[in-house]
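Structure first, commentary second.
Bear in mind these aren't lab numbers, they're just calculated from the coordinates by the rules spelled out. Bear in mind that the values here come from a model prediction, so they are computed numbers and not experimental data.
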Amino acid sequence: MKQTMIIGIVLIAIGVGALAYQGITYTTREKIIDIGPIQATHETKKTIPFSPILGGCALAGGVVLVLMGTRAKE
């Protein structure tokens, strides 16, 4: 396989993933009180959003690269 096809396939996978998941969510824990055996924590959910425009651009660019790779063989 040529490098353009491999890069195109990777871009398609990244684009589909970005469009499907819309972001990464993770949880952080913070100690509020720590007095001997008494402890209190607070959990906060944070999200890193993915732009659907960037996902669509990655998908379209991947399709173009795959098509360029198949036409280069002919």
Helix 3-21 axis, angle to the chain major axis (alpha carbon atoms, nearest 10°): 40
Size descriptor, Kirkwood hydrodynamic radius, that averages inverse alpha-carbon separations across the chain, Å: 15.1
Rounded tilt (10° steps) of 52-73 against the dominant C-alpha axis of the chain: 30
Extension reserve of the I7-T41 stretch, reckoned as 0.36 nm per residue once the Cα distance is removed: 7.8 nm
